[in-house]
1. Going through the stretch 81-94 one residue at a time, which ones are under 28 Å from residue 293 (Cβ atoms) and in contact with a helix residue (DSSP H, G or I) (Cβ under 9 Å, 6 or more places away or on another chain)?
2. Would it be correct to say that residue 78 is in contact with a helix residue (DSSP H, G or I) (Cβ under 7 Å, 6 or more places away or on another chain) and under 26 Å from residue 283 (Cβ atoms)?
3. Checking the condition surrounded by 22 or more Cβ atoms within 10 Å (Cβ to Cβ) and free of Cβ contacts under 8 Å to residues at least 40 places away in the same chain, which residue from 149, 144 passes?
4. Would a scan of the stretch 73-86 turn up a residue that is over 23 Å from residue 278 (Cβ atoms), without any contact (Cβ under 8 Å) to a residue 24 or more places away in the chain and assigned to a helix (DSSP H, G or I)?
5. Before we move on, is residue 111 within 26 Å of residue 95 (Cα to Cα) and modelled with pLDDT under 95?
6. Filter the stretch 121-141 down to the residues that are in contact (Cβ under 8 Å) with a residue 60 or more places away in the chain and farther than 25 Å from residue 253 by Cα, then identify the one that is surrounded by the fewest Cβ atoms within 10 Å (Cβ to Cβ).
7. Could you tell me whether the stretch 16-35 includes any residue that is in a strand (DSSP E or B), within 17 Å of the chain's Cα centre (by Cα) and either at pLDDT below 90 or surrounded by fewer than 17 Cβ atoms within 10 Å (Cβ to Cβ) (or both)?
8. Based on what the data block shows, is residue 10 within 20 Å of the chain's Cα centre (by Cα), in contact (Cβ under 8 Å) with a residue 40 or more places away in the chain, in a loop (DSSP other than H, G, I, E, B) and surrounded by fewer than 24 Cβ atoms within 10 Å (Cβ to Cβ)?
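The values are calculated or read from the model by the stated rules, or taken from the named source; none is laboratory data. Being a predicted model, the structure only gives us computed values, none of them experimental. Glycine also receives a Cβ, built like all others from the backbone with ideal geometry; neighbour counts cover every protein chain displayed.
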């Protein structure tokens, strides 16, 4: 089976505070349970894929600062090969996260993540020879994302894009994407189609495919997700778990989906597995620390089920 995954994306330190509600503009609000966690969408997804049993290498950038040191150590501790991560004089990326009742608001300073260039992508071509799957997000420059997508497709690799945070992309990038996995807000920003009901998800998925993406999965929060299996749009509900912190929910979903593809699971099985991984994650606090291992997912699935709906 193909189990080598290259992740290109953001590496951040998350500064998290819990509050009863989000602050209003201009308001100072008392919070609680402050924590500093290693995060970044790229790092979270790399760790999720590694914790679920795949071989993972990370390409990104961090600063020559404490945030960079602890981020690299965190990646290594979870089994991610970060030998190719670039060190820069720009500060490591930072995410300011307010958690309110299980939901969150996030503001990100990309910092060193913005230093990744197409030239550096070219310099690491051996990573693309090694990998079977490329996973990317948009916390690094879009020029680097496009260069990586082209390089991966030139080598016949599977390309997964999580378009977050949403940025304007060159139109031809979509033609390199095998799986695009946006949430409902990102889907609306990319396609202009709000996600209010099942028909909206189907219309948006058709638009994403028209734009050039081969396949799409739209994650819909408490409504589960919708995906195209190559023939039709199908939907998956949610597991009944208590929502504690949704910070890495989308990242763990993508990690679960990618690892399931590596294991040779069908698309239906991969989406179901990804939903289980994400459900476990939102029941825990933190970012990478909340992501389960393969053994934990297997144990969870023994006593939890959801219905797959057409």
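1. 81, 82, 84, 85, 92, 93, 94
2. Working: in contact with a helix residue (DSSP H, G or I) (Cβ under 7 Å, 6 or more places away or on another chain): yes; under 26 Å from residue 283 (Cβ atoms): yes.
So residue 78 passes the test.
3. Details: 144 fails: free of Cβ contacts under 8 Å to residues at least 40 places away in the same chain.
Matching residue, one of 149, 144: 149.
4. So in the stretch 73-86, the residues over 23 Å from residue 278 (Cβ atoms) come out as 73, 76, 81-86.
Still in the list and also without any contact (Cβ under 8 Å) to a residue 24 or more places away in the chain: 73, 76.
Filter again for assigned to a helix (DSSP H, G or I), leaving 73, 76.
Looking for residues that are over 23 Å from residue 278 (Cβ atoms), without any contact (Cβ under 8 Å) to a residue 24 or more places away in the chain and assigned to a helix (DSSP H, G or I), one finds at least one in the stretch 73-86, hence yes.
5. On the way: within 26 Å of residue 95 (Cα to Cα): yes; modelled with pLDDT under 95: no.
So residue 111 does not fit the description; no.
6. The extreme case among them is 124.
7. The initial filter retains those residues of the stretch 16-35 that are in a strand (DSSP E or B), namely 16-18, 32-35.
In the following step, the residues that additionally are within 17 Å of the chain's Cα centre (by Cα) were identified as none.
No, the stretch 16-35 contains no residue that is in a strand (DSSP E or B), within 17 Å of the chain's Cα centre (by Cα) and either at pLDDT below 90 or surrounded by fewer than 17 Cβ atoms within 10 Å (Cβ to Cβ) (or both).
8. Values: within 20 Å of the chain's Cα centre (by Cα): yes; in contact (Cβ under 8 Å) with a residue 40 or more places away in the chain: yes; in a loop (DSSP other than H, G, I, E, B): yes; surrounded by fewer than 24 Cβ atoms within 10 Å (Cβ to Cβ): no.
Judged against the criteria, residue 10 is not a match.
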